[in-house]
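Student: Before I ask anything, here is the structure I am working with.
The values are calculated or read from the model by the stated rules, or taken from the named source; none is laboratory data. Every value quoted in this text rests on a predicted model; they were computed, and no experiment measured them. Counting neighbours? That spans all protein chains shown, and the Cβs are built from the backbone with ideal geometry, glycine included.
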Amino acid sequence: MEPVNVKMNEVDLRVSIGSLELQNPVMTASGTFGYAREFESYVHLQRLGAVVVKGISLEPRAGNPPPRIFETACGMLNAIGLENVGVDRFISEKMPYLCALGVPVIVNILGDSVEEYRQLAERLAGAPGVAAIEVNISCPNVKKGGVAFGTDPQMAAAVTRAVKQGCQVPVIVKLSPNVTDVTLVARAVEEAGADAVSLINTLIGMAIDLKSRRPRLANIIGGLSGPAIKPVALRMVFQVAQAVSIPIIGIGGIATAEDAMEFMLAGACAVQVGTASFVNPKASEDVLDGIATYVREQKLESVRDLIGALRIG
Amino acid sequence: MSQFQQNVELIQSEVVAAGIVRLTLNAPDIAAAAVPGQFVMVQTAPGLDPLLRRPFSIHQVSSEGLLQILFKVVGRGTERLAQCRAGEQLSLLGPLGNGFVLGESCNACLVGGGMGIAPMLFLASRFLQQSHSGVTPRVILGARNGEELVPLMGDFLDLGIEVLAATDDGSFGHHGLVTDVLKTLNLTSQSTVYSCGPKPMMGAIHHLCQKENIPCQVSVETVMACGMGACLGCAVPLKAGGYAHACSDGPVFEAGELLWSL
């Protein structure tokens, strides 16, 4: 790994997500950075704004049968099936390493029912080193016939309230883009007490193999991510920024500092680097260095000058 | 465990048979750290399309820091790689995954089918380096036809190893499967079989070895996005239920750990 060669002390990159203070706005996106240790050969992990870990459920999940991924134009489809080690093993096996990194650890959680989300929040509230919880509401609500929590403002609000009741740390709700009007869900979770929202999760998509006439994914449908979805994500961040007053974390196809700063102009306080880390494991650190260089060269007082600074008209 | 993300120079690109390409790269750090069975992730194009890196078994390394990969052109990524010319820079991640476990047994049999031949050369040469008894591993290589197989045999023969061959069309060596050849070797539980190739071939080798109580290691191939245990896309079904990940738990597994009949 190359030594750090960008002068960081000259620029003010600090941002805050509610009560959570970050040294810079660059986080990793859940499900694209493992439990951080996988990237220790490539990234100076302690430099990141925060690490968002792979989504955790109450019980371990084995995930979907293969094929689980398929490459598409400038992006990829995935149907991993929320494979994870479960909250107990996460706390005992993964948290000690994460705590020692010295950067805020944001734990992404997912569940089948409102009650499961509440229990997860309670379990994590008792674990040292959890800086915030990010709530994946794109999962199906088993008790409501498998409709995703994130597609219904009332269900999204119910999950948010349950998680807020279960823990004291800031709660970030990760919004699904697979809705007609993302601002309705954003407003509902804000009213329910969310400290911040992050968006977007993957767009539901599909790919077919003409030769075999079969779907490319064993799960038939999957989530689209990567540079292909950036314009959709940027639009949704912009819309949500007009609709809510809580902080927004921008996600969706961010691979460069330029991408990240466009999300900040649209209204994001911070960003998450996702699929780009698969291609370039040090993408998150490259994004950070690029933002620092821009802030210095443009002589900005702070990276915060970029937030919502989009010029219209 | 040392892993590197590096831009390395392409030294040579050779078309070894129709649609089969071998790249020689100057990658001293990765070559020095690599063991047989490990792989590298190669970025095939500088832009966003194709987006993902492609995984390739390490075919051969030299003490001078050269590293070779061998592949068949099967899609846009490999097509682009086949067009790369000497002097170009390619981005590599590696060495990745867990390689073959080289046992004490002198009675090693290496079976490579199709592009699964690639890691067998690295494995064979490492066996020769480590062998104290002077016994060379036996090698069985299979391919669709002689045109594809013969050019890949040279490097094995240069090591002084006898190569048994099988082709689907009978144009070179045994007319039939590598397992037919494997059966004639009278292997015992003191032997070890190392295999890489198409899934049906490895499944057949596994069943044969299981019946005869012969230890068998296989290197599996799957699609993968990251190669380092983050995307969890490279799921391999396990006999005991659940999944392993080809990149971080493999790509080499004890054949008996995997679920072969889906």
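Student: Out of the residues in the range A:262-287 meeting the condition of being among the acidic types (Asp, Glu) and without any contact (Cβ under 8 Å) to a residue 60 or more places away in the chain, tell me which one is nearest to A:ILE251 (Cα to Cα).
Tutor: Applying the filter and picking the extreme gives A:GLU262.
Student: Under 9 Å by Cβ, and 6 or more places apart or on different chains, what pairs join a residue from the range A:182-206 that is surrounded by fewer than 20 Cβ atoms within 10 Å (Cβ to Cβ) with one that is basic (Lys, Arg) and modelled with pLDDT of 95 or more?
Tutor: Within 9 Å, the pairs are A:GLY193/A:ARG161; A:GLY193/A:LYS164; A:MET206/A:ARG216.
Student: With the range A:227-313 as the region, which helices (runs of 4 or more DSSP H) entirely inside it contain at least 3 residues that are at pLDDT 95 or above and within 25 Å of A:VAL189 (Cβ to Cβ)? Can you show your working first?
Tutor: Details: elements: A:230-243, A:257-265, A:276-279, A:283-297.
Output list reads A:230-243, A:257-265.
Student: Which of the residues belonging to the range B:54-103 are in a loop (DSSP other than H, G, I, E, B), under 22 Å from B:ALA33 (Cα atoms) and charged (D, E, K, R)?
Tutor: B:GLU64
Student: Being out of contact with any Pro (no Cβ under 7 Å at 6 or more places or on another chain), within 14 Å of chain B (Cβ to nearest Cβ) and modelled with pLDDT under 95: is that true of A:LEU77 here?
Tutor: no
Student: Does A:GLU2 satisfy being buried (at least 18 other Cβ atoms within 10 Å of the Cβ) and within 11 Å of chain B (Cβ to nearest Cβ)?
Tutor: Details: buried (at least 18 other Cβ atoms within 10 Å of the Cβ): no; within 11 Å of chain B (Cβ to nearest Cβ): yes.
It is false that A:GLU2 is buried (at least 18 other Cβ atoms within 10 Å of the Cβ) and within 11 Å of chain B (Cβ to nearest Cβ).
Student: Could you check the range B:200-238 and list, in sequence order, the residues that are touching a helix residue (DSSP H, G or I) at 6+ places or on another chain (Cβ under 8 Å), in contact (Cβ under 8 Å) with a residue 12 or more places away in the chain and within 14 Å of chain A (Cβ to nearest Cβ)?
Tutor: Of everything in the range B:200-238, those that are touching a helix residue (DSSP H, G or I) at 6+ places or on another chain (Cβ under 8 Å), in contact (Cβ under 8 Å) with a residue 12 or more places away in the chain and within 14 Å of chain A (Cβ to nearest Cβ) turn out to be B:VAL220, B:GLU221, B:ALA225, B:CYS226, B:MET228, B:GLY229, B:LEU238.
Student: Take the range B:164-187 and flag every residue that is β-branched (Val, Ile, Thr) and surrounded by fewer than 19 Cβ atoms within 10 Å (Cβ to Cβ).
Tutor: Within the range B:164-187, just B:THR184 meets the criteria.
Student: Could I ask something else about it? Can you run down the residue pairs with Cβ atoms below 9 Å, 6 or more apart or on separate chains, where the first is in the range B:134-160 and assigned to a strand (DSSP E or B) and the partner is of a type in the set (D, E, K, R)?
Tutor: From residues that are assigned to a strand (DSSP E or B), the pairs are B:ARG138/B:GLU162; B:VAL139/B:GLU162; B:GLY142/B:ASP168; B:ALA143/B:ASP168.
Student: In the range A:1-89, which strands (runs of 3 or more DSSP E) lie fully inside it and hold 1 or more residues that are over 19 Å from A:CYS99 (Cα atoms) and without any contact (Cβ under 8 Å) to a residue 40 or more places away in the chain?
Tutor: In the range A:1-89, A:69-72 are the strands (runs of 3 or more DSSP E) which contain 1 or more residues that are over 19 Å from A:CYS99 (Cα atoms) and without any contact (Cβ under 8 Å) to a residue 40 or more places away in the chain.
Student: Follow-up question, since we're still on this one. How about the range B:57-91: which of its residues are in contact (Cβ under 8 Å) with a residue 24 or more places away in the chain, under 17 Å from the mean Cα position of the chain (by Cα) and within 14 Å of chain A (Cβ to nearest Cβ)?
Tutor: Of everything in the range B:57-91, just one residue is in contact (Cβ under 8 Å) with a residue 24 or more places away in the chain, under 17 Å from the mean Cα position of the chain (by Cα) and within 14 Å of chain A (Cβ to nearest Cβ), namely B:THR78.
Student: Filter the range A:46-67 down to the residues that are under 15 Å from A:ALA283 (Cα atoms) and within 13 Å of another protein chain (Cβ to nearest Cβ), then identify the one that is nearest to the chain's Cα centre (by Cα).
Tutor: A:VAL52
Student: Could you give me the residue pairs with C-beta distances under 9 Å whose first residue belongs to the range A:288-313 and is farther than 19 Å from A:MET27 by Cβ, whose second residue is of a type in the set (Ser, Thr, Tyr) and assigned to a helix (DSSP H, G or I) wherever it lies, and which are 6+ apart or on separate chains?
Tutor: Matching pairs, first to second residue: A:LEU300/A:TYR294.
Student: Where residues in the range A:16-45 are in contact with a Gly (Cβ under 6 Å, 6 or more places away or on another chain) and hydrophobic (A, V, I, L, M, F, W, C), which of them is nearest to the other protein chains (Cβ to nearest Cβ)?
Tutor: Result: A:ALA29.
Student: Would you check if A:PRO177 is in contact (Cβ under 8 Å) with a residue 24 or more places away in the chain, in contact with a strand residue (DSSP E or B) (Cβ under 6 Å, 6 or more places away or on another chain), closer than 15 Å to A:GLY274 by Cβ and not polar (S, T, N, Q)?
Tutor: yes
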